[in-house]
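Written out below as structure tokens is the structure these notes cover.
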């Protein structure tokens, strides 16, 4: 009887621990899946535009042109702003051919009704050769997370999304299996108790 009670207590502890682990897993993974799905969906709708999440776009810094303000490997977050709100000294991310560059606005010029922005990396000696138009601007820099670039890259990956969905499905299957076994054991105990009463 002592051993049975001890086993039941251990089973209960394991079950509680697994339940807590599952809750933590869902709290962490579900927002990541929502983030990933949002970006994939928006990329599908507008393939020529960087997808945003609640208005914020994220980029990974791959050059040291903005050091010491922003370092290689940092994850930066930018937000679209109306033309009127963009000013000198703002750091902007803009389309530069097939890539995205993040530099500081050093001068704003108006010519023939067209606004152009002269930009420069904080770590560069000279301004960028080409001036930027408003249509090229992806957003104005809001904040960064130091060294978080690789994490953002992993979070944006479709493979990551697939792995996370598999993990959640396996966790759900495991919990269902445990609950079914618990239910079966409970039904057996009830059955034995009923049989014992009739004897």
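A single entry from 140, 151, 167 fulfils the requirement of being in a helix (DSSP H, G or I), within 30 Å of residue 73 (Cβ to Cβ) and in contact with a strand residue (DSSP E or B) (Cβ under 8 Å, 6 or more places away or on another chain): 151. Pairs under 7 Å by beta carbon, first residue within 15 Å of residue 27 (Cβ to Cβ) in region 164-179, partner modelled with pLDDT of 80 or more and part of a helix (DSSP H, G or I), six or more apart or different chains? Close Cβ pairs satisfying both conditions: 164/33.
Only one of the listed residues (29, 37) is under 30 Å from residue 96 (Cβ atoms), in the same structural domain as residue 170 (by TED's automatic domain parsing), under 23 Å from the mean Cα position of the chain (by Cα) and modelled with pLDDT of 75 or more. That residue is 37. Of all residues in region 107-132, those satisfying the criterion of being surrounded by 14 or more Cβ atoms within 10 Å (Cβ to Cβ) and either assigned to a strand (DSSP E or B) or on the phi > 0 side of the Ramachandran plot (or both) are 108, 115, 116, 117, 118, 119, 120, 132. Considering region 69-84, the residues that are in contact with a strand residue (DSSP E or B) (Cβ under 8 Å, 6 or more places away or on another chain) and surrounded by fewer than 18 Cβ atoms within 10 Å (Cβ to Cβ) include one that is farthest from residue 132 (Cα to Cα), namely 73. Set side by side, the residues 83, 111, 156, 116 differ, and just one is modelled with pLDDT of 80 or more, more than 22 Å from residue 68 (Cα to Cα) and in contact with a helix residue (DSSP H, G or I) (Cβ under 7 Å, 6 or more places away or on another chain), which is 83. Scanning region 43-68 for residues that are assigned to a loop (DSSP other than H, G, I, E, B) and surrounded by fewer than 16 Cβ atoms within 10 Å (Cβ to Cβ) returns 46, 47, 48, 49, 54, 55, 62, 63, 64, 67, 68. Within region 80-106, the set of residues being assigned to a loop (DSSP other than H, G, I, E, B) and touching a residue at least 24 places away in the same chain (Cβ under 8 Å) comprises 80, 81, 86, 90. Determine whether region 119-139 contains at least one residue that is outside the structural domain of residue 37 (by TED's automatic domain parsing) and touching a helix residue (DSSP H, G or I) at 6+ places or on another chain (Cβ under 8 Å). Looking for residues that are outside the structural domain of residue 37 (by TED's automatic domain parsing) and touching a helix residue (DSSP H, G or I) at 6+ places or on another chain (Cβ under 8 Å), one finds at least one in region 119-139, hence yes.
The values are calculated or read from the model by the stated rules, or taken from the named source; none is laboratory data. Small disclaimer: the values here were computed from a predicted structure and weren't measured. No Cβ is skipped: glycine too gets one built from the backbone with ideal geometry, and neighbour counts run over all protein chains shown.
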